[in-house]
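A.B. asks: First, the structure itself, so that you have it in front of you.
The values are calculated or read from the model by the stated rules, or taken from the named source; none is laboratory data. Computed from a predicted structure; not experimentally measured. All Cβ positions, even for glycine, are placed from backbone atoms using ideal geometry, and neighbour counts span all protein chains on display.
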Amino acid sequence: MWCSRMALRRLQKIAVTPLNITGGLTSNIQREMSTLPRVYVTRQIPPEGLKILRKSGQVQFELWDSDDIPVPRKELLQKVKGVDGLLCTLTEKIDAELLDAAGPNLKVLSTMSVGFDHLSLDELKKRGGWGTWRTLWLCGYELANSTVGILGLGRIGVAIAERLAPFKVRKFIYTDVAPRPELASAINAEYVSFDELAKQSDFLAVCCALTPETKEICNKNLFSKMKKTSIFINTSRGGVVNQEDLYEALSTGQIAGAGLDVTVPEPLPTNHPLFTLKNCVILPHIASASYTTRDAMSSLAANNLLLGLRGQPMIKELKL
Ligand SMILES: O=C(O)[C@H](O)CO
């Protein structure tokens, strides 16, 4: 197999291969299928390749279901519209017209041939790099004038609010089992009900501990009350979120986006549906990953151990 890779703006990879490939589509979850990258296969390629695509669960694909007659150009130009990947053979001319027809979603081109004379390399290269600056490219929502909601107000929630305040947040709101005026006054946060938190928050940060009471507390009930423009942030524990409901909310546009530092399980398998979403950013549980913080955590744990052994009260002791 001979592969070449190029870092392109949209067309990110090109593979040239003398191996056989064929296409199809398999998934038992219709909902997931619709968000999987779309691939067009230009020929009824031999079964091994199709099997690989089917089994991968990574793509949904359509193919020109014949090996005797190559796909007519007109049909090809239609079929490539909006695809994320194209698997072609040496009979398809991959030129400017075809790349334009495919449009900006196209990221990967794989040809079932060792030769690449049917690929217009100049046209492929032209689509490299970042491309032009666009007016709405990578735009997000501003913290300025926003309402930030905190689910579970403790030291972490307060620390988050203190860091966000300079970005000119208009209002902090929070909910918890009961009002926590001493903490709330430090950040001028208003106590609201769970439903109001969902309704009013432009950014909703989950900062509660995972307990039997908070398990999957962030579910379709919460997401359905949030604004379409809201961002959901979880830095607490993955278990406080029903991830299927979150996927649904994100993929249907019920909420605008999510930033997750924690998931169930950790690490989240790379083929998890949440990874297919453009509006979900997932980190590997690194919210506390600074040398200073980890040193402080380590010192606190060591000091607590020694205090406990001496029979003295521990700092931040968890009351059982
Ligand atoms: O529980 C903690 O201390 C954090 O999740 C680690 O970052």
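A.B. asks: Is at least one residue of region 292-302 surrounded by 15 or more Cβ atoms within 10 Å (Cβ to Cβ) and within 16 Å of the ligand (Cβ to nearest atom)?
C.D. replies: No; the residues of region 292-302 include none that is surrounded by 15 or more Cβ atoms within 10 Å (Cβ to Cβ) and within 16 Å of the ligand (Cβ to nearest atom).
A.B. asks: Something else now. Show me the helices (runs of 4 or more DSSP H) found entirely inside region 105-189 where at least 3 residues are within 30 Å of ILE45 (Cα to Cα).
C.D. replies: 121-126
A.B. asks: Hey, another quick one. Among the candidates LEU99, LEU87, which residue alone is at pLDDT 95 or above, over 23 Å from the mean Cα position of the chain (by Cα) and under 25 Å from PRO47 (Cβ atoms)?
C.D. replies: LEU87
A.B. asks: Of all residues in region 176-227, count the ones that are among the hydroxyl-bearing types (Ser, Thr, Tyr), under 23 Å from GLY253 (Cβ atoms) and in contact (Cβ under 8 Å) with a residue 40 or more places away in the chain.
C.D. replies: Selection size over region 176-227: 1.
A.B. asks: Within 17 Å of the chain's Cα centre (by Cα) and surrounded by fewer than 13 Cβ atoms within 10 Å (Cβ to Cβ): which single residue out of PRO269, PRO313 fits that description?
C.D. replies: After applying the criteria, what remains is PRO269.
A.B. asks: Restricting to region 216-265, and then to whatever is assigned to a helix (DSSP H, G or I) and within 16 Å of the ligand (Cβ to nearest atom), can you tell me which residue is nearest to HIS285 (Cα to Cα)?
C.D. replies: GLY238
Matching residues to (1) closer than 21 Å to SER146 by Cβ; (2) exposed (fewer than 15 other Cβ atoms within 10 Å of the Cβ); (3) out of contact with any helix residue (DSSP H, G or I) (no Cβ under 6 Å at 6 or more places or on another chain):
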position	(1), (2), (3)
PHE203	yes, no, yes
LEU210	no, no, no
LYS228	yes, yes, yes
ARG237	no, no, yes
HIS285	no, no, yes
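A.B. asks: Just one of (1) surrounded by 15 or more Cβ atoms within 10 Å (Cβ to Cβ); (2) touching a helix residue (DSSP H, G or I) at 6+ places or on another chain (Cβ under 8 Å); (3) over 16 Å from THR147 (Cβ atoms) trips up LEU222, so point out which.
C.D. replies: (3)
A.B. asks: Among the residues in region 125-145, are any under 22 Å from ILE231 (Cβ atoms), of a type in the set (A, V, I, L, M) and in contact (Cβ under 8 Å) with a residue 12 or more places away in the chain?
C.D. replies: yes
A.B. asks: Considering only residues that are among the acidic types (Asp, Glu) and crowded, with 19+ Cβ neighbours inside 10 Å, which ones fall in region 85-127?
C.D. replies: GLU92
A.B. asks: Just wondering, is there one or more residues in region 274-291 that are closer than 26 Å to LYS199 by Cα, touching a residue at least 40 places away in the same chain (Cβ under 8 Å) and more than 13 Å from the ligand (Cβ to nearest atom)?
C.D. replies: Yes: one or more hits.
A.B. asks: Can you name every residue in region 303-320 that is within 15 Å of the ligand (Cβ to nearest atom) and not hydrophobic (A, V, I, L, M, F, W, C)?
C.D. replies: ASN304, LYS316
A.B. asks: Out of THR211, THR147, which single residue is within 23 Å of LYS316 (Cβ to Cβ) and among the hydroxyl-bearing types (Ser, Thr, Tyr)?
C.D. replies: THR211
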